[in-house]
Structures are given as structure tokens and as C-alpha cells.
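Colleague: Take a look at this one; I'll ask things after.
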């Protein structure tokens with residue numbers, strides 16, 4: 001039995017029941033289609049928008065409910081993973097991209113961009129990673145030149161989540177020659193010079209479309225610049241703590257779902273005349289994972305509360321992301337092992353979960369970068385990483 005979670009109030013559990021019923025009744029059957037085509041459909045974002053579940057933090061004047069409580073986003077992500085697929089990246093839309101508009105957009109920009117984001121008519125993505133640049137965001141090459149009445153944007157991005165179906169991209173681009181001199185620009189897919197490259201095929205997460213995008217002499221209006229043109233690196237650092245917390249939520253939710261699937265399976269699967277779960281090794285491994293899942297959940301829930309209070313540090317978020325993504329890998333690996341040969345078959349959900357989990361130790365900052373951030377927070381090096 002999962003350890004009681006005391007950070008959730010009755011209203012959060014009521015919200016969970018609402019989300020669960022909707023996903024079970026209207027979306028769980030869509031997963032095979034999503035996997036086959038390599039993306040969710042626009043109608044799925046619109047459905048979430050119609051429920052009021054996109055950009056929950058958005059104020060009523062932009063069509064949102066104005067709920068600034070990450071616990072609701074946490075519940076929404078937990079139920080999405082349990083009843084559909086971890087690759088439905090509505091959380092990237094709402095909680096990775098959305099906060100840049102919330103924090104750094106002016107009122108005119110919010111009035112232009114947020115209503116469509118809240119309704120699901122405008123699917124959002126963030127364009128940071130480049131072919132030669134991953135975790136080292138200060139080394140990006142995409143460049144925006146100040147042309148007076150507009151910015152001229154040139155460059156290429158890769159591994160862009162929601163890149164195939166996205167309409168609005170928050171793009172990180174160099175605005176000067178100093179390392180880390182970066183601006184953030186809102187680019188829409190209908191701008192001249194915007195193009196999509198390959199729909200990238202991956203080891204896992206087939207539901208989450210990942211694409212290349214290019215910018216060839218895009219004339220970005222000055223009013224599409226977010227904040228100061230030289231402060232983009234600081235803006236990204238400011239948003240990364242919540243991004244990594246959301247990544248940790250996804251990892252731990254996925255791990256918990258894999259644990260539950262495995263527990264059900266080992267109670268039924270028999271070997272040498274008794275259930276696999278009756279063997280001491282199986283019991284010990286599952287007991288160890290149960291203990292560690294509960295401990296990780298307690299830590300993560302506290303990080304969510306710190307984020308709500310504006311007190312979450314980069315080190316806290318890095319610890320949560322490291323802990324949950326590494327544990328996710330162990331849980332799905334053990335789950336597949338306990339499924340035996342069946343676990344290697346595509347018809348068993350644990351095989352999908354095994355493949356989907358591997359990226360968690362890479363995106364939103366690799367495990368190695370998380371350790372660097374934590375270590376430098378201990379005073380063991382230069383504090384120049386995000």
C-alpha cells in the first residue's frame with residue numbers, strides 16, 4: 001500500500017476523481033492510435049482546454065481559472081500517465097513553456113498569446129536544444145540580430161517536444177557575442193522562414209512528437225521579445241526549477257504505475273507451482289522499491305509545496321529530478337524482469353514503459369548535470385550551471 005500523502009487537500013482528490021473519469025472514459029482508448037501515428041491529435045489538446053486543464057495558472061481575463069497551486073498540475077500529470085501515456089506532453093505546454101509567458105510577457109503579449117494556449121487552439125513548445133548544444137544552454141548558436149523595427153532570427157533547433165504539432169515556440173537565441181547573452185522570442189509557425197525538419201524517431205515516447213525546426217531570416221516583431229534581450233539565460237535558469245520538478249513528477253508517476261502493473265502481474269504469474277511474487281527475491285525487491293517510492297514521493301511532495309511558496313531552490317529541484325528519474329529506471333527494469341519473456345513483448349505495457357523511461361535521465365538536464373548542481377550547492381565548485 002502506498003504511504004499516505006498529507007500535502008493534498010480534499011479538493012485535490014476531488015479534482016483527481018474528475019480527471020480520472022474523463023481520461024478513462026474519453027482518452028485511454030486513444031493510446032494505440034497515438035503510438036502508431038507518433039503524436040497526439042489537436043483535438044486532445046482542445047479537449048483538455050475545454051475542461052479548463054491547460055495553463056491552470058492563467059488568470060480569468062485570459063480564459064484560465066487562475067489556479068496557482070502546482071498540486072493540481074501534479075494530480076493532472078499523475079492521472080494522465082496512469083490512464084493514457086507519459087508522452088502526452090500537455091505538461092510541457094502548460095508548465096514548461098507557459099511559465100515564460102506568465103513571468104516575462106507583458107500585458108499586451110499575454111492578451112495575444114494566452115487565450116489560445118488556455119483553450120488548446122495554440123499548442124506551445126520551447127526551442128532551446130540545438131544539434132551541437134544540449135545541457136550547456138549558454139553555448140547555443142541560433143542568433144537574433146536587432147534590425148531596428150524587428151529581430152532577424154536564424155538557426156536550427158532539434159529534439160523539440162511538441163515540435164510537429166506546435167504553433168507557438170519560445171525560442172532561445174544569442175543576441176550578442178558574450179557567453180550567455182541570450183534573448184527569448186515568441187515565434188509562431190506561420191511566420192515566413194519557419195520550417196519543420198524531420199519527425200524524429202526515438203527509442204521510446206512514440207506518443208510525444210519530437211522534431212527539428214529551422215529559422216531562416218525570420219523577421220520577428222519587436223513586440224515578440226520576452227523581457228530584456230540579454231537576460232534570457234537568467235530567465236531560463238529561473239524557470240528550470242519548476243521544469244525539473246514537473247519532470248520528477250512524471251518520472252515518479254511513471255515508476256508508480258510500473259510498480260502497480262508489476263505487482264498485479266507477479267500475483268498471477270506462476271513458476272514452479274506458485275506465484276512469482278511468492279519467491280523471496282521477488283518479495284525483497286518489491287519491498288525495497290515500495291520503500292524507496294514512498295520516500296521519493298514524500299520528498300517530491302515537499303518540493304511541490306516549496307515551489308508553491310516560491311522557496312524551491314535549484315538544488316532542491318535537481319535532487320528531486322535526479323532521485324525520481326534514477327528510481328524510475330530501476331522500477332521499470334525490475335518490472336520487466338519480473339514479467340519474464342512476456343515483458344519483452346510489445347503487447348505488455350511494461351515493455352513500453354521500459355523504453356519510455358530511459359530519456360528521463362537525459363532531458364531537462366542529465367543526471368550528471370543534476371549532480372553537478374547539487375555538488376556546487378555544497379560549495380564544491382563554480383556556481384555557473386542551471
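Colleague: Would it be correct to say that residue 101 is under 26 Å from residue 227 (Cα atoms) and free of Cβ contacts under 8 Å to residues at least 40 places away in the same chain? Walk me through how you get there before you give the answer.
Modeller: Working: under 26 Å from residue 227 (Cα atoms): yes; free of Cβ contacts under 8 Å to residues at least 40 places away in the same chain: no.
Against the criterion (under 26 Å from residue 227 (Cα atoms) and free of Cβ contacts under 8 Å to residues at least 40 places away in the same chain), residue 101 does not qualify.
Colleague: So, in region 65-89, exactly how many residues are over 16 Å from residue 248 (Cβ atoms), surrounded by fewer than 23 Cβ atoms within 10 Å (Cβ to Cβ) and in contact with a helix residue (DSSP H, G or I) (Cβ under 7 Å, 6 or more places away or on another chain)? Let's see the steps before the verdict.
Modeller: Step one: of region 65-89, the residues over 16 Å from residue 248 (Cβ atoms) are 65-69, 72, 79, 82-85, 87-88.
With surrounded by fewer than 23 Cβ atoms within 10 Å (Cβ to Cβ) added as a condition, the list becomes 65-69, 72, 79, 82-84.
From the residues that got through so far, the ones that are in contact with a helix residue (DSSP H, G or I) (Cβ under 7 Å, 6 or more places away or on another chain) too are 66, 69, 72, 79, 82-84.
Residues that pass the stated criteria total 7.
Colleague: In region 6-40, how many residues are part of a loop (DSSP other than H, G, I, E, B) and surrounded by 13 or more Cβ atoms within 10 Å (Cβ to Cβ)?
Modeller: Here is the first cut: in region 6-40, the residues part of a loop (DSSP other than H, G, I, E, B) are 6-9, 27, 38-40.
Next cut, surrounded by 13 or more Cβ atoms within 10 Å (Cβ to Cβ) only: 7-8, 27, 38-40.
Residues in region 6-40 being part of a loop (DSSP other than H, G, I, E, B) and surrounded by 13 or more Cβ atoms within 10 Å (Cβ to Cβ): 6 in total.
Colleague: Can you tell me which residue among 300, 312, 323, 289 is outside any helix (DSSP H, G or I) and farther than 20 Å from residue 342 by Cα? Talk me through it step by step, then tell me what you get.
Modeller: Numbers: 300 fails: outside any helix (DSSP H, G or I); 323 fails: outside any helix (DSSP H, G or I); 289 fails: outside any helix (DSSP H, G or I).
Being outside any helix (DSSP H, G or I) and farther than 20 Å from residue 342 by Cα holds for just one of 300, 312, 323, 289, which is 312.
Colleague: Looking at region 137-168 only, could you name the residues that are closer than 18 Å to residue 233 by Cβ, in a strand (DSSP E or B) and touching a residue at least 40 places away in the same chain (Cβ under 8 Å)?
Modeller: 144, 146, 151, 153, 155, 157, listed by residue number.
Colleague: Can you say whether residue 125 is surrounded by 21 or more Cβ atoms within 10 Å (Cβ to Cβ) and either within 24 Å of residue 230 (Cα to Cα) or at pLDDT below 95 (or both), as far as the supplied structure shows? Before you say what the answer is, go through the steps one by one.
Modeller: Working: surrounded by 21 or more Cβ atoms within 10 Å (Cβ to Cβ): yes; either within 24 Å of residue 230 (Cα to Cα) or at pLDDT below 95 (or both): yes.
Spelling it out, residue 125 is indeed surrounded by 21 or more Cβ atoms within 10 Å (Cβ to Cβ) and either within 24 Å of residue 230 (Cα to Cα) or at pLDDT below 95 (or both).
Colleague: Of the residues 43, 108, 78, only one is in contact (Cβ under 8 Å) with a residue 24 or more places away in the chain and either more than 28 Å from residue 233 (Cα to Cα) or assigned to a loop (DSSP other than H, G, I, E, B) (or both); which? Write out each step before concluding.
Modeller: Details: 43 fails: in contact (Cβ under 8 Å) with a residue 24 or more places away in the chain; 108 fails: either more than 28 Å from residue 233 (Cα to Cα) or assigned to a loop (DSSP other than H, G, I, E, B) (or both).
On inspection, the qualifying residue turns out to be 78.
Colleague: On to the next question. Scanning for something surrounded by 23 or more Cβ atoms within 10 Å (Cβ to Cβ), farther than 30 Å from residue 314 by Cα and more than 24 Å from the chain's Cα centre (by Cα), does region 191-206 turn up at least one residue?
Modeller: no
Colleague: Something else about it: I'd like the residue in region 230-269 that is modelled with pLDDT under 95 and out of contact with any helix residue (DSSP H, G or I) (no Cβ under 8 Å at 6 or more places or on another chain) and, out of all such residues, is surrounded by the most Cβ atoms within 10 Å (Cβ to Cβ).
Modeller: If we take residues in region 230-269 being modelled with pLDDT under 95 and out of contact with any helix residue (DSSP H, G or I) (no Cβ under 8 Å at 6 or more places or on another chain), then 232 is surrounded by the most Cβ atoms within 10 Å (Cβ to Cβ).
The values are calculated or read from the model by the stated rules, or taken from the named source; none is laboratory data. These numbers come from a predicted model, not from an experiment. Every residue, glycine as well, gets a Cβ built from its backbone with ideal geometry; the counts of neighbours run over all protein chains shown.
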